[in-house]
Amino acid sequence: METTTRALVTGFEPFGDETLNPTAQIVSQIAACDWPGFDLQTAVLPVDTYVAPTRLRDLLARYEPHIVLLLGLARGRVALSLERVAINLLNFAGPDNAGNRIQDQPVIPGGPAAYFATLPVREIVERLRKEGIPTEVSYSAGTFLCNQVFYTALHWADQSRLDARVGFLHTPAAPAQVALGDRLAPSMALEMMLNGVRRILEMA
Ligand code: PCA
């Protein structure tokens, strides 16, 4: 019998003073690829602390994915960073795109302090590095939108008992966004980031 793996991959729109978000580009390229054996859904989430989790919960409820891979930009990271843990804390350094500033609030009131990623993080990171893609395990997804949607998805997986594999990948900036801007930062070619995401989905 043929089995299909339902996978949800999300990225984010640009935020703060970023002119682009490579994760939105990765998601649109992933959506355009052929995925034999996968039923793949993609979305680009708004950087809005109220709208993003609502949109994500809708997608999760509608598709009941087996794999959830959330992507976000983390300018300054030197490699693809696969996050190990999501914490139940929102504490923004600046406003989100709707102007919301949140300090010391839980993602889910009454939820556990943290959830661990349910992807095989260590194995994936080691494999990607062997394949020539700079990748690291990260132990903090921050306290902004990325951590918020990661926690939201892990909470959903825990509550729904669907045994979904949920992970979050932070990416460095794309070369174009640092080359043309005033602030230099490490960057990675979009093509390589795309390959990394593809391999993570295959391994998940
Ligand atoms: N990165 C931000 C939110 C959106 C994004 O791409 C973060 O790391 O929280």
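Below is a table of values for the structure above.
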| quantity | calculated |
| --- | --- |
| Hz values of 3J(HN,Hα) by residue in the range 92-97 - Karplus curve (6.51, -1.76, 1.60), Gly and Pro given as x | 7, 7, x, x, 7, 5 |
| Amide H partners (placed H, <5 Å) of A114, local residues excluded | N88 |
| For the chain, calculated [θ]222 nm from helices alone, where every DSSP H run of n ≥ 4 adds -39500 (n - 2.57) | -10500 deg cm²/dmol |
| Longest DSSP-loop-exposure-free segment, trypsin sites (Lys or Arg not before Pro), the chain, at most 13 other Cβ within 10 Å | 1-100 |
| Qualifying GluC sites (Glu not before Pro) for the range 120-150 [loop in DSSP, other Cβ within 10 Å: at most 15] | E131 |
| Of the chymotrypsin sites (Phe, Trp or Tyr not before Pro) in the range 108-204, those whose Cβ has at most 10 other Cβ within 10 Å and which sit in DSSP loop | Y139 |
| Pairwise FRET efficiency - D17 versus R161, Cβ, R0 = 45 Å, nearest 0.05 | 0.65 |
| In sequence order, calculated HN-Hα J values of the range 20-30 (Karplus, 6.51, -1.76, 1.60; Hz; x Gly/Pro) | 9, 10, x, 5, 5, 5, 4, 4, 6, 6, 4 |
| Computed label-point distance, nm, for sites T54 and R198 using a 7 Å Cα→Cβ extension | 3.7 nm |
| Under Karplus coefficients 6.51, -1.76 and 1.60, residue-wise ³J(HN,Hα) of the range 69-83 in Hz, glycine/proline x | 10, 9, 10, x, 8, 10, 3, x, 5, 9, 7, 4, 10, 8, 7 |
| Contour excess over end-to-end distance, with Cα ends at L184 and W35 and 0.36 nm allotted per residue | 50.1 nm |
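The numbers here are math on the coordinates, done by the rules we state, and not lab data. Since the model is a prediction, treat every value here as computed from it, not as a measurement. Heads up, the Cβs are rebuilt from the backbone with ideal geometry, glycines too, and the neighbour counts pull from every protein chain shown.
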